[in-house]
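First comes the structure, then the notes that go with it.
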Ligand code: NAD
Ligand code: LMR
């Protein structure tokens, strides 16, 4: 029997991530090849014509899984009955800007959209915030939508996770799908901590730890980390625009694993509401290693944390606590 369509909201759908993301969703990259979808696309009035153009292209592409398209500048209409909300709308960072610079513009959007989601979305709606500052926007959304369970509000650090996998695979000249269990701890910013201490590579001789195969500790402890931390800025420098196709693809990975589960023995990184695991204070949206089953994520427990990691995990938590105060000062 055919499945009922799932309603997926994409905000900022006329923007560059939106343009890459909506066809991926309509092709089944987010929810699977047998899951019909109805796309809800929101943008602001100045982008209304462009948004309508995206709708025209979606119709022209004749996606078999796409059962309907709502393209609107009305937040309430956009949020009506959505099961999944991918929040991309906002202002991107330009060359030379830090994420803090986009804070004041974006947190007020997330406060307003929290209320719309709370009022109009399906009660079990799963929310993924992509727009920067992603962790803090997600936290503001959570705080201003108290009836949405905290576990349903997440932010995207899967792009950073995928970037870390990519760097290891390039270094070792192995396929990226043979590398797993890197971790992104903390903020989707240059203080994030890409951790390879538990990561493995599948080789012809079985599964080996990345630290065992990459013998150059110096590379793993410095260049690897800064390359992943600075990758967003490197893309902006090269494209004069922030990452879009990789962000869209990683957003699909994030939701797909959340809804359909993570493969056995594999974890992924997600920005989630901290429950105090690994000594990270509650009240922050912090990226942790998670596994997902039956539509629920859980933080991987019991990983050994050395002194080097501890300092980096705390530094990125500190930045998030500062961002939180800054966000509140922008809202007041
Ligand atoms: P973009 O400027 O191309 O698109 C953003 C869209 O949002 C525009 O169409 C704009 O009109 C729309 N918008 C603005 N305010 C809105 C509102 N109140 N409601 C709905 N739509 C609104 O930007 P982009 O390159 O698509 O990036 C989008 C966001 O994603 C940025 O904040 C960017 O920094 C962030 N980003 C995050 C990650 C991540 O890994 N978390 C990766 C890449 C980009
Ligand atoms: C990215 O990581 O590519 C985005 O968050 C863009 C940015 O501002 O770095």
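The values are calculated or read from the model by the stated rules, or taken from the named source; none is laboratory data. Keep in mind the model is a prediction, meaning the values are calculated, not measured. Every residue, glycine as well, gets a Cβ built from its backbone with ideal geometry; the counts of neighbours run over all protein chains shown.
Things to note:
- Any hit, the stretch 157-169, residues being modelled with pLDDT of 95 or more, touching a helix residue (DSSP H, G or I) at 6+ places or on another chain (Cβ under 8 Å), within 30 Å of residue 208 (Cα to Cα) and outside any helix (DSSP H, G or I): yes
- Some residue of the stretch 139-153 being assigned to a strand (DSSP E or B), in contact with a helix residue (DSSP H, G or I) (Cβ under 8 Å, 6 or more places away or on another chain) and crowded, with 24+ Cβ neighbours inside 10 Å: yes
- Where residue 70 falls short, out of the listed (1) without any contact (Cβ under 8 Å) to a residue 40 or more places away in the chain; (2) surrounded by 24 or more Cβ atoms within 10 Å (Cβ to Cβ); (3) over 28 Å from residue 239 (Cα atoms): (2)
- Every test in (1) surrounded by 14 or more Cβ atoms within 10 Å (Cβ to Cβ); (2) closer than 30 Å to residue 101 by Cα is passed by residue 201 save one, and that test is (2).
- Those residues of the stretch 21-38 which are touching a residue at least 40 places away in the same chain (Cβ under 8 Å), within 16 Å of ligand 1 (Cβ to nearest atom) and buried (at least 19 other Cβ atoms within 10 Å of the Cβ), in sequence order: 21, 25, 30
- The set of residues in the stretch 191-229 being at pLDDT below 95 and in a loop (DSSP other than H, G, I, E, B) consists of 204, 205, 214, 215, 216.
- Residues satisfying the criterion are absent from the stretch 237-253 (criterion: under 20 Å from residue 140 (Cα atoms), modelled with pLDDT of 95 or more, more than 16 Å from ligand 2 (Cβ to nearest atom) and assigned to a helix (DSSP H, G or I)).
- Conditions (1) at pLDDT 95 or above; (2) surrounded by fewer than 18 Cβ atoms within 10 Å (Cβ to Cβ); (3) part of a helix (DSSP H, G or I); (4) touching a helix residue (DSSP H, G or I) at 6+ places or on another chain (Cβ under 7 Å); number of the one not met by residue 116: (2)
- Test: residue 280 is more than 16 Å from ligand 2 (Cβ to nearest atom), at pLDDT 95 or above and farther than 20 Å from residue 15 by Cα: yes
- Among the candidates 2, 48, 14, residue that is out of contact with any strand residue (DSSP E or B) (no Cβ under 7 Å at 6 or more places or on another chain), within 10 Å of ligand 1 (Cβ to nearest atom) and either touching a residue at least 60 places away in the same chain (Cβ under 8 Å) or in a loop (DSSP other than H, G, I, E, B) (or both): 14
- Residue check for residue 283: at positive phi and outside any helix (DSSP H, G or I): yes
- In the stretch 287-302, the residue that is surrounded by the most Cβ atoms within 10 Å (Cβ to Cβ) out of those that are in contact with a strand residue (DSSP E or B) (Cβ under 7 Å, 6 or more places away or on another chain) and touching a residue at least 12 places away in the same chain (Cβ under 8 Å) is 287.
- Pairs meeting the criteria (first residue in the stretch 178-194 and under 22 Å from residue 129 (Cβ atoms), second residue assigned to a loop (DSSP other than H, G, I, E, B) and away from ligand 2 (no atom under 11 Å from the Cβ), beta carbons under 6 Å, at least 6 apart or on different chains) are 182/196; 182/199.
- Flag if residue 90 is buried (at least 19 other Cβ atoms within 10 Å of the Cβ) and closer than 26 Å to residue 237 by Cα: yes
- Screening the candidates 96, 90 for the property of being within 28 Å of residue 190 (Cβ to Cβ), at pLDDT below 95, in a loop (DSSP other than H, G, I, E, B) and over 20 Å from the mean Cα position of the chain (by Cα) yields one hit, 96.
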